[in-house]
Amino acid sequence: MVFKVVDVVNEISHALKEQGSASTEIAQQVELIARSASGNAEEAAGTSKEVQAMHALADDLRQLVSKFHV
């Protein structure tokens, strides 16, 4: 009976170690995803600013071209 209890306790201990390792790996992956999402948001903001600048240049060009008559 004592050996059986020891075996069960050892199995539980092993399972807890595996769960701890899995939890650590999941946390690391979630952190990686969060960093990637943050980087993507920064890139999107930069792209938005570039699009606005291109729009302003297009408006300027449109105004300049409108002055020419054929």
Matching residues in the range 11-32 - criterion: being open to solvent by less than 100 Å² (accessible area, probe 1.4 Å) and aliphatic (A, V, I, L, M): Ile12, Ala15, Ala22, Ala27, Val30, Leu32
Test: Val8 is among the aliphatic types (A, V, I, L, M) and either surrounded by 10 or more Cβ atoms within 10 Å (Cβ to Cβ) or not in a helix (DSSP H, G or I) (or both): yes
Selection count where residues are open to solvent by less than 80 Å² (accessible area, probe 1.4 Å) and over 25 Å from the mean Cα position of the chain (by Cα), scope the range 36-59: 4
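The values are calculated or read from the model by the stated rules, or taken from the named source; none is laboratory data. All of these numbers come straight from a predicted model, not from anything done at the bench. Using ideal geometry, Cβ is built from the backbone for each residue, glycine included, and neighbour counts are taken over all protein chains shown. With ligands, DNA and RNA removed, areas are computed over all heavy atoms of the protein, side chains included. Shrake-Rupley method; radii C 1.70, N 1.55, O 1.52, S 1.80 Å.
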